[in-house]
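Each remark here refers to the structure printed beneath this line.
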């Protein structure tokens, strides 16, 4: 199989010079034709409309209060909420998520997500499917950074990986996913805050911009000759992205949700743009913005939502501040994708870094529980209207079909046309690393 080991300079047919040399050295037993066909297939993947939207639920929501209620458990386990029927007979979810219940035929609740290494708050497992232990030089790259490296942009004016996650008091809550050993060129583009005003040209012509770009390139040539870290190469890629953005209105337009009809904006709602404690905002406009960005050409969009770490007043916090808004934003996104004919092209995943304790503590909260958690998948052309996995009667352990974070990400790679079982990327020591050590989930196809 063809392994992609980083970006090379493409020839006119899209095959890199490095890959052409490899094909030439393996012209035995039909291998040349095989690799040519694979390179052709990869070129088709690069032109695909497929995309992924990932919602990171900062602080880890309680799985047993959303998709996996345990009504037969003792009161100190089952909690205050009641289940309601959904559009799929036999599937029940929390009463405070009625909009999601109505579209459950378009969703897949995951009731047995495993793989969280410990009870520490860190978005790393959601974005990489891996732990932070024994990382290769440079660190594991996030899903979005891998996609950026392997597929590049669909539209030169729209970065392939965009993070709508604003900074948070607890830094991992504000991470959109880090590039690791793939470097700054594959970082998430983060169009938040006042920088959004700098995405369009104002008092400078495109000709003057081109002159400035030429001057910058000339000056950087001297520094690049003495730069042994490769940082400037990454900066070159970022500079090119900046010039592409400035000479096109595509990204600025995608971020401008005022272009949406009022009834669409009302459907998504506004939420609350202020950070919740040391977590993320409950900004429902980010759900709409994510849809607009994938339509404009982004391959991966990540956003963060709320702070679900309710060690006290778990049920009040969920009922009053989180579940109703999350229910509105996520259901609006999923329905909108279907109505716009994007449900097969755009996959959505929403999850946190672990689950919560089965037993409710004396403060009415649930504490950290890395043994098992939950999540939800939608879109992607997946086989929806089913539940995957189950926990025991207390919601404490995976009793059936444990689903590893890495399996979900492998499935999302497959959705984008990337064979995670074959694809490799080189770390900073030059060693090839598989982008995933897990297989895609067979239940989704």
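Each value in this text was obtained by applying a stated rule to the coordinates, not by laboratory testing. The model shown is predicted, which means the values in this text are computed figures rather than measured ones. Ideal geometry is used to build each Cβ from the backbone, glycine not excepted, and the neighbour counts take in all protein chains shown.
Observations, loosely collected:
- Taking label positions 7 Å along the Cα-Cβ direction at both residue 47 and residue 85, the computed distance is 4.8 nm, reported to one decimal.
- R0 of 45 Å, Cβ-Cβ distance residue 266-residue 311: FRET efficiency to nearest 0.05: 0.85
- Packing order of peptides 116-127, 371-382, highest average first: 371-382, 116-127 (average count of other Cβ atoms within 10 Å over each peptide's residues).
- For the pair residue 72 and residue 392, the difference between a 0.36 nm per residue extended length and the Cα-Cα distance amounts to 114.1 nm.
- Centre-to-centre, using Cα atoms only, the range 425-444 and the range 342-375 are separated by 25 Å.
- Protection proxy ranking of 94-106, 52-64, 136-148 - average other beta-carbon atoms within 10 Å, highest first: 52-64, 136-148, 94-106
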